[in-house]
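Below is one structure, written out as structure tokens; comments come after it.
Just so it is clear, none of the values below were taken in a lab; they were calculated from the coordinates. Note that the coordinates shown come from a computational prediction; the quantities given were computed from them, not determined experimentally. In this analysis, Cβ positions are derived from the backbone assuming ideal geometry, glycine residues included, and neighbour counts consider all displayed protein chains.
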């Protein structure tokens with residue numbers, strides 16, 4: 001078994017220097033770090049994680065808070081699987097572990113308490129939403145100066161750290177594309193407004209209409225909960241509008257696919273009877289019939305960057321306010337590849 005003294009001998013340094021390199025205890029010259037890491041790689045040396053944690057006073061774990069949703073396997077959803085993959089990729093690069101912390105969506109929150117009861121050095125929060133209890137818990141976490149980062153949720157009036165995507169721009173681009181095709185009436189299936197990305201998409205939708213000189217009509221807005229089932233259920237009401245309003249923008253791909261299924265039962269087919277654009281660019285968006293136009297959101301990169309920002313907070317006392325927004329882009333596929341004059345009415349609707 002390769003030991004620390006073997007690495008020290010090959011690198012030409014002391015055992016203490018080897019320990020400092022792997023425990024990130026500086027200052028150290030870049031050349032010294034490279035020599036030690038190269039020697040360790042050649043010998044196949046792996047530092048003892050328990051010893052490291054004692055030496056540094058760090059658990060070397062990042063907690064990831066995930067909402068527990070009954071009957072939903074979060075690992076099977078594109079959204080959570082991509083975010084977690086990105087987080088894990090960054091943590092793996094630096095030898096940190098990922099500790100999943102499931103919390104019931106409506107349970108009282110105390111994120112600061114996690115640092116006392118769990119073996120974590122920082123936390124990443126997924127599924128946060130705007131409630132008074134949530135804001136109070138985040139403010140406490142922020143005031144204690146614990147390393148943390150929100151993902152895909154913002155509170156503009158508070159100094160909370162976040163990584164987000166430009167959902168306003170994604171919505172604006174998607175709706176503008178439908179308008180440019182000649183659709184002047186665009187229905188919008190949005191998510192709950194307690195999520196900031198829902199509010200951002202609504203603002204993008206409204207501004208796209210305004211820029212095109214189209215009056216905003218609240219009756220064109222429908223709400224789901226980002227599940228496929230809610231999209232399917234929304235089809236019952238949206239089907240009453242679809243003949244006169246044959247263009248739809250959905251707040252995520254899951255709802256869009258549920259909508260496709262629900263409207264198909266009424267005789268309407270996406271890409272022929274109406275144009276549809278989803279959101280997220282999930283794997284299944286490429287597999288549906290017709291393939292689903294969507295907005296590509298860099299979820300993996302968001303997770304990766306969130307982990308990077310938390311690690312920066314752990315290693316530095318001078319990290320400023322974290323407010324990163326990543327770019328998104330529209331991907332057009334078959335579901336929106338038509339123009340108003342090409343829209344047909346299903347036989348059952350004459």
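Structure notes:
- Choice from 210, 316, 76 showing the highest fluctuation, given a GNM over the chain with Cα pairs closer than 10 Å: 316
- For region 107-127 versus region 253-275, the spacing of their alpha-carbon centroids is 40 Å.
- Extension gain for the segment residue 68 to residue 29, taken as residue separation times 0.36 nm less the Cα-Cα distance, is 9.5 nm to one decimal.
- Listed peptides 181-192, 323-334, 160-171 by packing density, highest first (mean Cβ within 10 Å): 160-171, 181-192, 323-334
- Relative contact order (percent, whole number), the chain, Cα cutoff 8 Å, 6+ residue spacing: 17 percent
- Acute angle (nearest 10 degrees) that the helix 196-211 long axis makes with the longest principal axis of the chain, alpha-carbon atoms: 40 degrees
- Tail beyond 27 Å, pair distance distribution of the chain (Cα, percent): 53 percent
- In the chain, the calculated helix contribution to ellipticity at 222 nm averages -12500 deg cm²/dmol per residue, counting -39,500 (n - 2.57) for every DSSP H run with n ≥ 4.
- Extended-chain gain in nm, criterion 0.36 nm per residue less alpha-carbon gap, residue 15 and residue 144: 42.8 nm
- Between helix 78-93 and the chain there is an angle of about 20 degrees, using the helix long axis and the longest principal axis of the Cα atoms.
- Additional length obtainable on full extension of the chain from residue 130 to residue 327, 0.36 nm per residue less Cα span: 68.6 nm
- Antiparallel beta bridges, as assigned by DSSP with both residues in the chain, represent about 10 percent of the total such bridges.
- With the simple spin-label model, which puts each label point 7 Å out from Cα in the Cβ direction, the residue 43 to residue 223 separation comes to 6.2 nm.
- Normalised per residue, the volume of the convex hull around the Cα set of region 93-156 (Å³): 104 Å³
- Label point distance in nm, residue 216-residue 116, each placed 7 Å from Cα along Cα→Cβ: 4.3 nm
- Volume of the Cα convex hull of region 176-225, divided per residue and given in Å³: 69 Å³
- Order of 321, 93 under a 10 Å beta carbon neighbour criterion, fewest first: 321, 93
- Relative packing of peptides 300-313, 142-155, 267-280, 233-246 - highest average C-beta neighbours within 10 Å first: 267-280, 300-313, 142-155, 233-246
- For region 125-248, the relative contact order comes to 24 percent (Cα pairs under 8 Å, sequence separation of at least 6).
- Packing here is the average count of other Cβ atoms within 10 Å per residue, and on that basis the peptides 5-16, 122-133, 96-107, highest first, run 122-133, 5-16, 96-107.
- Computed label-point distance, nm, for sites residue 89 and residue 155 using a 7 Å Cα→Cβ extension: 3.0 nm
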